[in-house]
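Asker: Below is the structure I would like to discuss, written out as structure tokens.
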Amino acid sequence: MSTLLYRVGKTAYRKPGYFILGWILILGIVISMISMNGIHISSEMKIEGTESQKILDQLATELPAASGGQGSVVFKAPENERLDTPERLAAITKGVNEVYGINEVINPADYAAEASSSTTEATQAASMDQSAAATAPPSYGPLMTDGVPVPGVILSADGSIALFQFQFTIEQSAISQDIFDSVIDTVKNVEKDTNITVLPGETLKSVSIGVGSAEIVGLVIAAIVLLVTLGSVVAAGLPLITALLGVGIGVGGAFSISKFIEMPSVTSVLALMIGLAVGIDYALFIVNRQRRMIIDQGLSAQEAAARAIGTSGSAVFFAGLTVIIALCGMLVIGLTFLSTMALVAAATVLINVFVALTLLPALLGLVGERICSPKARKKNKDHHTTGNRGIADRWVKFVIKYRWVTIVAIVVVLGVAATPIAKMEMGIPGAASANLDTVARQSYDAISEGFGEGFNGPLILVAEPKNSSTPVTPELLGNLVKELQAQKNVALVTPLGMTKDLAIFSLIPETGPSDITTKNLVNDLRATESSIAQSNDVKLGVTGFTAVNIDMSAKLADVFPIYVGIIILLSLIILLLVFRSIIVPIKATIGFLLSILATFGITTAVFQWGWLHSLFGFDTGGPLLSFMPIIVTGILYGLAMDYQVFLVSSMRESYVHGHEGSESVVHGYNQVSRVVVGAAIIMISVFAGFIFTDDVMIKQIGFTLAVGILIDAFIIRMGLVPAVMSIFGNKAWALPKWLDRILPNLDVEGEKLIATLNAKDKSNSMK
């Protein structure tokens, strides 16, 4: 491996034009494909195999109109005023009718007009307004104009808030931005000359990629760290260039095929996060190694670049491989949207590895000897000669001297930080936890105030006779409405339609979508032994946003241990091959588990309990994103192993070259600690940039990744690793003889390569 990469590095350095033009050509192809196919992103996150998804799929086949996306709009009067004045009623009625006039919105009048020709459509014409009038509590009722209910609109008891709920003819994920904008523009016209506040619901929002100025700030900080770490504007610019190109090709390539493959909106953000982080880190590691060889060994820039690719490039390759394995481990979960995110992120990492191993040495060839100025060479040479390693040297010696105290302190501190995990609640953050100044949150609060929090998360119920030969009748429909309405924690039940095989209802709980009581209600309704199912001889299925949320959290909780087990097993094998040690992989894994538990504990305290919420730009705590633990665990494990490979491979290299015991730990630590710290700060900066986006899901992921890197790099790798390594000393590299014989020697440290080159240099000097 090292010899092959050495040759690649030397070739790229000598003939940079071929490699640079090759990567530019690849980028051009990606851009051309995007121009032809466009960018198609989706907000859909199907949870295949769950009860709620099965019901949605069934409705899409048997009653497509009932499977379309849902929308809501709140009309709010000024304080101490009512909406049911003649002028305001006229404006609201006009706006509602115009929304129903949009092709992609279901108009109840269409069903009523065709009622005589179809039993099914006649049943569907028994709209929410009629049912609501019969079953709704006295705190609200239908909005009336000239004695006729306005279709789909209910009014609060004090007349100050009206809720307009409607349905699209197509699934939520298939609704384009133009359709959303058309609905919003139409209802916003109600505000004109009426002094009414119109608040579109959370579902009436366009899908966005979620990248903004905050991420640019993260890149600026990364550039500053690179400049401080490498001490040269030229050297600092190379990691940024290669990382941006790698991300451009990786994310752009995903967009270029998004016309043919469903691409969740969050996919690009995750690929961007991980791509920028590893792309900068890998290039930084190689450039730093080249500069060290120039300064410490007096090599030419060309030879130093080739050797850096041959030695550090091997570490980069295997570090990237651990990240890719951790990401691809998500495929075992069996959820399409997670698999897509994992594959796009893994492909972006792979591209960044190839860019670092081929394009970077080509760019170094263009830079030449300017990669390290004469002043920097002299300054660092003097620094190296005196043996003064500064803070890093003093720190590692302190850790080794007090290694047992260090280990105990780290375990205790991280253990305490992990305790909030016991109270962690998973779900899909929504309008209930959005910032107070957002339209989504204001709409949520207005609905809660006027009608009850449950109206923010209606459930869709499907009832099927257990005996397939028994048809659904109006009498069965009426009985089900009556019995469902009598259930505990049910505010309102409305029949939405029926066929001869099934009946569909909207059920409004009294509690909000994320309330544990709502979850219990869903589980009770689904129970085959429930009184409703038994007395009516039917099977009840439940779907809707709240039910999907519950199912997603449950399924991900079930597969999470399997996922963690798979990535740990595979990465242990890789670390065993890389370090030819049993102790090192086990230590690395235990350290990661400590860091990930503490990370999730801190995230729970901040985003669920609301600690320091104002500092991180949100107003209200809420559930943690249900698929975040899997995504974050995969990414953090891969990145933690990056640090492990960079740091411990340097310690092993020191051991291989004659340093014994703690001396190899100190020497190896001093060689790369600065670049590992710089890499960690860069990653934290990149991830922290996503904390200040408006999307709470991206905010949570960015925060968790930033905290995870902070803990793993500065506490585990900079503290726990040298402490534990010093305890084992040379035994850390021990390997049973039988295992030593069967394991291939990957020569990650480049021992064979360096020996060959030294022999060649010696032979040349004797001639």
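The values are calculated or read from the model by the stated rules, or taken from the named source; none is laboratory data. Values in this document were obtained by computation on a predicted structure and should not be read as measured data. Glycine gets a Cβ as well: all are built from the backbone with ideal geometry, and neighbour counts include every protein chain shown.
Asker: Which number in (1) in contact with a Phe, Trp or Tyr (Cβ under 8 Å, 6 or more places away or on another chain); (2) surrounded by fewer than 24 Cβ atoms within 10 Å (Cβ to Cβ); (3) hydrophobic (A, V, I, L, M, F, W, C) marks the one condition that ILE324 misses?
Answerer: (1)
Asker: Given the conditions (1) in contact with a Phe, Trp or Tyr (Cβ under 7 Å, 6 or more places away or on another chain); (2) at pLDDT 85 or above, which single one is not true for SER339?
Answerer: Among (1) in contact with a Phe, Trp or Tyr (Cβ under 7 Å, 6 or more places away or on another chain); (2) at pLDDT 85 or above, SER339 violates only (1).
Asker: Let me ask something additional. Listed residues GLY638, GLY668; which is assigned by TED's automatic domain parsing to the domain that holds VAL287, under 16 Å from the mean Cα position of the chain (by Cα), assigned to a helix (DSSP H, G or I) and of a type in the set (Gly, Ala, Ser)?
Answerer: Of the residues listed, the single one that is assigned by TED's automatic domain parsing to the domain that holds VAL287, under 16 Å from the mean Cα position of the chain (by Cα), assigned to a helix (DSSP H, G or I) and of a type in the set (Gly, Ala, Ser) is GLY638.
Asker: Same structure, new question: On the given criteria, is VAL233 more than 16 Å from ILE31 (Cα to Cα) and without any contact (Cβ under 8 Å) to a residue 12 or more places away in the chain?
Answerer: yes
Asker: Looking only at region 555-605, count how many residues are charged (D, E, K, R), assigned to a helix (DSSP H, G or I) and surrounded by 19 or more Cβ atoms within 10 Å (Cβ to Cβ).
Answerer: Residues flagged as charged (D, E, K, R), assigned to a helix (DSSP H, G or I) and surrounded by 19 or more Cβ atoms within 10 Å (Cβ to Cβ) within region 555-605 amount to 2.
Asker: Please specify each residue of region 229-286 satisfying the condition of being within 26 Å of SER312 (Cα to Cα) and polar (S, T, N, Q).
Answerer: The answer is THR229, SER232, THR242.
Asker: Would you point out the residue of region 1-40, among those that are of a type in the set (Lys, Arg) and closer than 30 Å to PRO744 by Cα, that is surrounded by the fewest Cβ atoms within 10 Å (Cβ to Cβ)?
Answerer: Across region 1-40, the extreme among qualifying residues is ARG7.
Asker: Taking region 303-352 only, how many residues are in contact with a helix residue (DSSP H, G or I) (Cβ under 7 Å, 6 or more places away or on another chain) and under 30 Å from GLN53 (Cα atoms)?
Answerer: The total comes to 19.
Asker: Among the residues that make up region 280-302, is at least one of them under 19 Å from the mean Cα position of the chain (by Cα), modelled with pLDDT of 85 or more and assigned to a helix (DSSP H, G or I)?
Answerer: no
Asker: For residues in region 255-268 being modelled with pLDDT under 80 and out of contact with any Phe, Trp or Tyr (no Cβ under 6 Å at 6 or more places or on another chain), which is surrounded by the fewest Cβ atoms within 10 Å (Cβ to Cβ)?
Answerer: Per the criteria, the residue is GLU262.
Asker: Kindly establish whether ALA713 is in the same structural domain as SER312 (by TED's automatic domain parsing), surrounded by 21 or more Cβ atoms within 10 Å (Cβ to Cβ), over 24 Å from VAL225 (Cβ atoms) and aliphatic (A, V, I, L, M).
Answerer: No.
Asker: Please return the ranges of helices (runs of 4 or more DSSP H) entirely within region 454-545 where 3 or more residues are within 24 Å of ALA60 (Cβ to Cβ) and not small (Gly, Ala, Ser).
Answerer: 474-485, 516-526
Asker: With respect to LEU366, is the statement that it is more than 15 Å from LEU270 (Cα to Cα), out of contact with any Cys (no Cβ under 8 Å at 6 or more places or on another chain), without any contact (Cβ under 8 Å) to a residue 24 or more places away in the chain and surrounded by fewer than 20 Cβ atoms within 10 Å (Cβ to Cβ) true?
Answerer: no
Asker: Keeping to region 306-362, report how many residues are part of a helix (DSSP H, G or I) and within 30 Å of LYS555 (Cβ to Cβ).
Answerer: Number of matching residues: 29.
Asker: Shifting gears a bit: Cβ-Cβ below 6 Å, separation at least six or inter-chain, first residue in region 390-405 and crowded, with 16+ Cβ neighbours inside 10 Å, second outside any helix (DSSP H, G or I): which pairs?
Answerer: none
Asker: Is it fair to say LEU525 is modelled with pLDDT of 90 or more, at negative phi, surrounded by 15 or more Cβ atoms within 10 Å (Cβ to Cβ) and not assigned by TED's automatic domain parsing to the domain that holds VAL645?
Answerer: So LEU525 does not fit the description; no.
Asker: Right, GLY252: surrounded by fewer than 23 Cβ atoms within 10 Å (Cβ to Cβ), within 27 Å of ALA706 (Cα to Cα) and not aliphatic (A, V, I, L, M) or not?
Answerer: It is true that GLY252 is surrounded by fewer than 23 Cβ atoms within 10 Å (Cβ to Cβ), within 27 Å of ALA706 (Cα to Cα) and not aliphatic (A, V, I, L, M).
Asker: Which condition does THR348 not pass, out of (1) surrounded by 24 or more Cβ atoms within 10 Å (Cβ to Cβ); (2) among the hydroxyl-bearing types (Ser, Thr, Tyr); (3) without any contact (Cβ under 8 Å) to a residue 12 or more places away in the chain, if it passes all the others?
Answerer: Failed condition: (3).
Asker: Looking at this structure, is MET697 touching a strand residue (DSSP E or B) at 6+ places or on another chain (Cβ under 7 Å), assigned to a helix (DSSP H, G or I) and either farther than 30 Å from LEU272 by Cα or not assigned by TED's automatic domain parsing to the domain that holds GLU202 (or both)?
Answerer: So MET697 passes the test.
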